Amino acid sequence: MPGPEAKTERACVKLAEEDGWFAAKIRFLDRMGCPDHLFAKGGRIVLVEFKARGKVLEPHQQVMLWELQQAGIEVIVVDTVRQFEREVLGCREE
């Protein structure tokens with residue numbers, strides 16, 4: 001049975017695709033710590049690492065995300081659908 005991280009990821013992918021975003025699960029063949037998903041729309045590309053609420057990145061994930069950010073890639077760690085809506089889709093909280 002999928003855990004909360006997988007449920008959040010599936011819900012966010014669904015919202016993004018409904019909003020016209022390209023969404024793809026990603027894996028790096030030669031590196032550990034790859035973010036979970038790539039989202040793209042209108043020239044914006046965002047890599048997202050989904051975590052269960054309150055969980056933190058593993059050390060190898062921290063290194064990978066830092067390296068990606070240093071390369072100029074937008075990477076966001078998300079633990080709720082609301083956070084994804086706000087930080088990726090650009091929806092404002094009411």
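The values are calculated or read from the model by the stated rules, or taken from the named source; none is laboratory data. Treat the numbers as computed from the prediction; the structure is a model and nothing was measured. Cβ coordinates were reconstructed from backbone atoms using ideal geometry, including for glycine residues, and neighbour counts include every protein chain displayed.
Worth pointing out:
- Matching residues in region 46-59 - criterion: being surrounded by 12 or more Cβ atoms within 10 Å (Cβ to Cβ) and either more than 19 Å from Glu9 (Cα to Cα) or within 13 Å of the chain's Cα centre (by Cα) (or both): Val46, Leu47, Val48, Glu49, Phe50, Lys51, Ala52, Leu57
- Restricted to region 60-94, and to residues there that are in a loop (DSSP other than H, G, I, E, B) and among the aliphatic types (A, V, I, L, M), the residue that is surrounded by the most Cβ atoms within 10 Å (Cβ to Cβ) is Ile73.
- Residue ID - farthest from Val78 (Cα to Cα), chosen from residues in region 1-32 that are touching a Leu at 6+ places or on another chain (Cβ under 7 Å) and not in a strand (DSSP E or B): Asp19
- Tally of residues being in contact with a Pro (Cβ under 9 Å, 6 or more places away or on another chain) and of a type in the set (A, V, I, L, M, F, W, C) across region 74-94: 3
- Given (1) in contact with a Ser or Thr (Cβ under 9 Å, 6 or more places away or on another chain); (2) buried (at least 16 other Cβ atoms within 10 Å of the Cβ); (3) in a loop (DSSP other than H, G, I, E, B), index of the condition Pro35 fails: (1)
- Residue within region 41-59 that is part of a loop (DSSP other than H, G, I, E, B), aromatic (Phe, Trp, Tyr) and out of contact with any Lys or Arg (no Cβ under 8 Å at 6 or more places or on another chain) present: no
- Out of Lys25, Lys14, sole residue that is of a type outside the set (Asp, Glu), within 18 Å of Cys91 (Cα to Cα) and at pLDDT 95 or above: Lys14
- All positions within region 71-89 that are farther than 14 Å from Arg31 by Cβ and more than 14 Å from the chain's Cα centre (by Cα): Gly72
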